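Notes follow the structure.
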Amino acid sequence: MSGASGYEFGLPKASISTAKLAVPYEIRTGSGTLIVPSHMFHSLPEDAKSVSIVIASVDKTKLSEEARSMIGGRPAVELNLYVDGVKTEWNNPEASVSVAVSYTPTAEELQSSEHLTVRYFDPDGRVVAVPSGKYDRAKEAVTFATNHFSTYGVVFVQHSFDDRQACMGEASDRGNGLERRHKRRFVQSIRAFGEGETRGLHYAAR
């Protein structure tokens, strides 16, 4: 999977459309780790045959100048949902997906790792702070929680007072409690893909 631009993993429809959180699923890739809650969807079309999530590296040339300047050489990822092969918007205020993006800080960043965080880049080019974003030394990754899929980048910024207040307000909601619950890890046949390749993946769970 070395050099892959993204990873796709298929999920059993029933496992991510429960009425409430029953079990989180941990999915690991070369780009990072996702923890997906079982109540990710309130409902899915009854005739839906396949559901998959894609985490892929972002082509930074397609981002705004502001976004490229903020990210620099740090990683940026795009999260997408596909239902029956069709890209589908996901946004659920009641269910958060926890994300850990692998990153090795520079010596300077490591000395002030509290300034490593995450920004969300919307389709209109706007840059939005992700209050839950932070560097986790134990995981050697920048982590955050989100309830919608989009483009996210690791940045190094001096936090404003408003940022710190927002972080404190959302601290109890990070990961929707997923880190504190038992995680079921997918043992998968993940097929990494590169530019222009057809996506495809099957899963096996335990």
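Read the figures in this text as sums done on the coordinates, not as results from a lab. Computed from a predicted structure; not experimentally measured. Reconstructed Cβ throughout: ideal geometry from the backbone, glycine too, with neighbour counts over all protein chains shown.
Holding the Cα-Cα limit at 25 Å, pick out from 13/139; 62/87; 49/87; 20/139 the pairs that are longer than that.
Among 13/139; 62/87; 49/87; 20/139, the Cα-Cα distance tops 25 Å for 13/139; 20/139.
For the range 45-121, which trypsin sites (Lys or Arg not before Pro) pass both filters: DSSP loop (anything but H, G, I, E, B) and at most 12 other C-beta atoms within 10 Å?
49
Once the piece of chain linking residue 69 and residue 86 is laid out straight, how much longer is it, given 0.36 nm per residue of separation minus the C-alpha distance between them?
Additional length available on full extension: 2.9 nm.
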